[in-house]
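Data first, discussion second: the structure below is written as structure tokens.
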Amino acid sequence: MTKKEKILAATLKLIVSKGIDNTPMSDIAKEADTGMGTIYNYFSTKEVLVNELYFHLKVKESQIIVQGYDRTLSVKQRFMHLWKKMVEYFIQEPMDFLFLEQFYYSPNIDPAAKHQGGLYVVELDEVYLEGQKQQLIKEGDIKEWIGFTSGSLVSLVKLHHSKYIHLEEKTIDQYIQAAWDAVKS
């Protein structure tokens with residue numbers, strides 16, 4: 001693992017356990033077993049470091065959800081595929097999920113960085129736009145519909161990680177079908 005990768009891994013671990021605002025650069029340096037100067041060689045500020053970790057995880061997320069993705073399938077089949085891969089990723093990688101949640105919902109994070117991260121998962125936008133074009137998905141702002149869909153599915157992942165419920169493939173499929181039913185025209 002490179003020094004930069006160690007710094008990103010340490011940042012992920014600490015932010016998940018302590019929160020973005022409660023994770024100073026000095027703690028990250030200690031966890032990464034490196035000096036402050038080394039961190040600042042790679043990242044000029046904590047904001048730059050946290051944003052880079054976010055972008056790194058968004059690239060990972062987009063690579064995972066497009067595995068086996070077929071643009072020739074129907075809108076519904078693509079919708080089901082993308083959301084299932086997303087839920088599976090969030091279940092299998094709880095640290096990534098918890099960091100992304102903190103990042104996205106933190107009022108202290110630059111909205112431009114959040115928007116830029118959203119550009120890594122263009123397939124979701126494409127499915128919703130195509131669904132609206134074919135009059136399969138309700139009219140409205142696709143970012144809001146994606147937020148509506150993700151809200152319910154992410155809540156289920158949170159309940160799974162808190163051990164309040166246990167998501168299995170069958171129930172994941174049922175909830176994604178319910179999400180489709182909620183947005184379809």
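The values are calculated or read from the model by the stated rules, or taken from the named source; none is laboratory data. Only a predicted model underlies this, so the values are computations on that prediction, with no experimental measurement involved. Quick reminder, even Gly has a Cβ in these numbers, built from the backbone with ideal geometry, and neighbours come from all protein chains shown.
General observations
- Selected residue [buried (at least 16 other Cβ atoms within 10 Å of the Cβ) and closer than 30 Å to Ile15 by Cβ] from Glu168, Glu130, Glu144, Glu88: Glu88
- Residue pairs whose Cβ atoms lie under 9 Å apart, separated by 6 or more positions or on different chains, with the first residue in segment 107-125 and buried (at least 17 other Cβ atoms within 10 Å of the Cβ) and the second at pLDDT below 75, are Leu124/Gly118.
- Flag for Ile7 being within 16 Å of Ile109 (Cα to Cα) and within 21 Å of the chain's Cα centre (by Cα): no
- Across segment 1-30, the qualifying residues are those that are among the hydroxyl-bearing types (Ser, Thr, Tyr) and outside any helix (DSSP H, G or I), and the one among them that is surrounded by the most Cβ atoms within 10 Å (Cβ to Cβ) is Thr23.
- Set side by side, the residues Ile165, Ile146, Ile176 differ, and just one is over 23 Å from Leu73 (Cα atoms) and β-branched (Val, Ile, Thr), which is Ile165.
- One residue alone among Val50, Val16 is out of contact with any helix residue (DSSP H, G or I) (no Cβ under 6 Å at 6 or more places or on another chain) and farther than 29 Å from Ile137 by Cα, and that residue is Val50.
- Any hit, segment 62-69, residues being of a type in the set (Gly, Ala, Ser), assigned by TED's automatic domain parsing to the domain that holds Glu168 and modelled with pLDDT of 95 or more: no
- Here Asp33 passes the criteria (1) within 19 Å of Tyr104 (Cα to Cα); (2) in a loop (DSSP other than H, G, I, E, B); (3) among the acidic types (Asp, Glu) except the one numbered (1).
- Taken as a whole, the condition of being of a type in the set (Gly, Ala, Ser) and touching a strand residue (DSSP E or B) at 6+ places or on another chain (Cβ under 7 Å) applies to Gly131.
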